[in-house]
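Below is one structure, written out as structure tokens; comments come after it.
The values are calculated or read from the model by the stated rules, or taken from the named source; none is laboratory data. Since this is a predicted model, take the numbers as computed values, not measurements. FYI the Cβ positions are ideal-geometry reconstructions off the backbone, even for glycines, and counts take in every protein chain you see. Remember, those area values only see protein heavy atoms, side chains included, never the ligands or the DNA or RNA. Shrake-Rupley method; radii C 1.70, N 1.55, O 1.52, S 1.80 Å.
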Protein chains: 2
Amino acid sequence: MRTTARWAATIGLTAVTVCGPLTGAAVAAPGSAPSSLYAPSALVLTTGHGEGAAATPERAVTLSCAPTASGTHPAAGQACAELRGAGGDPGGLKSGDDVFCTKLYDPVVVTVEGVWQGKRVSYERTFPNACTRDTYGALFAF
Amino acid sequence: MRTTARWAATIGLTAVTVCGPLTGAAVAAPGSAPSSLYAPSALVLTTGHGEGAAATPERAVTLSCAPTASGTHPAAGQACAELRGAGGDPGGLKSGDDVFCTKLYDPVVVTVEGVWQGKRVSYERTFPNACTRDTYGALFAF
């Protein structure tokens with residue numbers, strides 16, 4: 001099993017589609033709990049007012065993107081699609097430039113922790129206000 | 001909102017039942033996305049072979065415990081009940097002493113990240129082998 005784990009880490013983001021035959025796991029039915037067939041993608045996201053991770057999380061949602069999009073995130077499917085488009089890096093999301101936001105400084109912090117396709121994710125970003133945060137798409141809008 | 005956040009942090013684990021009237025949030029229907037009525041409880045758990053958080057996560061599941069138990073954790077309801085019994089601290093879970101495990105050293109790491117009733121959770125523990133890990137109940141058995 002340790003060898004399999006090292007192998008999975010080596011091939012990184014492509015692991016999800018090819019791991020199955022090597023791990024010998026049974027094929028999981030869509031919607032069932034993830035088996036080792038899938039490189040895991042499970043995240044928890046928080047947001048709260050303030051600066052840095054010391055801010056009290058006011059909301060927190062779960063997001064799982066394999067085998068299907070699920071979780072308490074209100075737009076799990078779109079959030080997973082955005083993350084896939086950014087290679088699993090929340091920092092890779094782009095702000096929509098067609099939205100006007102006030103310059104009021106009322107900072108909000110977003111954190112993303114967990115695993116994306118077998119690799120650990122630990123992300124934190126402070127936005128000047130909630131409007132600016134929400135221009136980055138569905139992932140942070142919960 | 002910042003005042004509310006500080007207040008929520010002060011009352012800590014009791015926040016979930018009394019926050020609603022003060023935040024003025026609408027009552028969320030059971031099963032819908034968490035609103036600010038609920039102090040958030042959303043976690044992501046990982047397990048993998050090795051020692052310390054550097055171990056590659058082989059499995060990862062989400063677990064949400066408010067308003068209802070949900071997530072890709074295969075026993076979300078029981079896992080939430082165990083966490084409630086331990087005051088949200090995964091380190092407070094006790095090993096069942098009626099299970100015999102080999103002394104083989106093949107370490108596995110469990111991590112729990114996220115938020116429990118509005119407070120951040122960051123937990124990591126290395127067990128000598130998977131059998132020993134599984135004696136701690138449903139939370140780590142995924």
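Things worth noting here:
- The calculated Kirkwood hydrodynamic radius for segment A:78-122 is 12.6 Å, given to one decimal from all distinct C-alpha pairs.
- Label point of B:Asp89 (7 Å along Cα→beta-carbon): distances to the other copies' equivalent points are 3.9 nm, sorted ascending.
- Ligands, DNA and RNA left out, the 1.4 Å accessible surface of segment A:42-134 is 51% carbon and sulfur atoms.
- Pairwise Cα distances in segment B:42-134 exceed 16 Å in 56 percent of cases.
- Measuring only protein heavy atoms, the 1.4 Å probe finds A:Glu124 accessible over about 90 Å².
- For A:Cys101, the distances from its label point to the matching points in the remaining copies are 4.6 nm, ordered from shortest, with each point set 7 Å beyond Cα toward Cβ.
- Of the whole protein surface, B:Ser41 contributes about 10 Å² of accessible area at a 1.4 Å probe radius.
- Between A:Ala141 and B:Arg125, the simple spin-label model (points 7 angstrom out along Cα→Cβ) gives 4.0 nm.
- Protein heavy-atom accessible area occluded, A/B pair - total, 1.4 Å probe, Å²: 2800
- Probing with 1.4 Å while keeping every protein chain in the model, the per residue accessible area of segment A:42-134 equals 43 Å².
- Under 30 Å from A:Lys94, Cα to Cα: lysines that are on another chain or at least 8 residues apart: A:Lys103, A:Lys119, B:Lys119
- Of the residues making up segment B:55-91, those losing 50 Å² or more of accessible area when the isolated chain is joined by the remaining protein chains, with a 1.4 Å probe, are B:Thr56, B:Pro57, B:Glu58, B:Ala60, B:Thr62, B:Thr72.
- Of the residues A:His73, B:His49, the one with the largest accessible area comes first in the ranking B:His49, A:His73, computed with a 1.4 Å probe on protein heavy atoms.
- Per-copy distances of the B:Asn129 label point, shortest first, in nm (7 angstrom along Cα→Cβ): 6.0
- Cα centroid separation, segment A:83-120 to segment B:40-110 (Å): 27
- Peptide B:110-119 has a mean shielding of 5, counted as Cβ atoms of other protein chains within 10 Å of each residue's Cβ.
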